[in-house]
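Contents: one structure, followed by commentary.
The values are calculated or read from the model by the stated rules, or taken from the named source; none is laboratory data. As the structure is a computational prediction, the values presented were derived from the model and not from experiment. When we count neighbours, we look across all protein chains shown, and the Cβ atoms used for this are built from the backbone with ideal geometry, even at glycine.
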Amino acid sequence: MFKIYALIALIGVLGIAGYGAKYYYDTTQAEIATLRDNNAKLEVAIETSEASIDTLRTQAKNNEKLQQNLQAQLQDAEAYGDNLRKKLRQLDLLGDALRDAANLEGRMNGATAKLWREIMGETGSADGSDRPLPKWLQSVPTGAGDQSSDADGQSISTDSDTTKAN
C-alpha cells in the first residue's frame, strides 16, 4: 500500500510541477508578446522623434540663413538711412526756401511725385506712371500772384513781428 501512496504522491508532485511549468511558459510568452508590442511602439516613437529632430535642425538652418539675410538687409537699410541723414544735413532747406521758395517747392513736388509713382508701381498699380498726380502734388502755377501757402497773406509765424522780403 505504501507503494500506491508513494505512486499517487509522485504523480501529484509531477502534475503540480507540470502545471507550474505550463503556467510559467504561458506567462513568459504573454510577457514576451507585451514586450514585443511595447518595443514596436518605442521604435515608432523613436522614428517620429528623430524625424522631428531632423525637421527642427533643417528649420534652424533655414532660420539662420533668413536671419543672416535680414541682418544684411538691416545693415543696408541703416546705411541708406545714414546716407539720407548725411544728405539732409548737407542741404540748407531754410536758406533755399528764403532764396527761392517756388524753386524749392517745385523740386520737392517733383521728388514727391517720383516717389509717389514708384510706390504705386511697386504696390501693383500697372498704370502708376501714367496716372495723374493727386491734387496735393500738382505744381503751383508760376507767374504773377502770391506764391505763398498763406492764403490770407498774414503770417502766423512766431519768429518775428514783420515779414522780410528778399
One residue from I53, I4 being surrounded by fewer than 10 Cβ atoms within 10 Å (Cβ to Cβ), part of a helix (DSSP H, G or I) and either at positive phi or β-branched (V, I, T) (or both): I4
Across the stretch 73-121, what is the number of residues that are touching a residue at least 24 places away in the same chain (Cβ under 8 Å) and either exposed (fewer than 10 other Cβ atoms within 10 Å of the Cβ) or of a type in the set (V, I, T) (or both)? 1
Can we say R131 is among the basic types (K, R), surrounded by 10 or more Cβ atoms within 10 Å (Cβ to Cβ) and modelled with pLDDT under 80? yes
If you scan the stretch 104-128, which residues turn out to be modelled with pLDDT of 80 or more and outside any helix (DSSP H, G or I)? T123
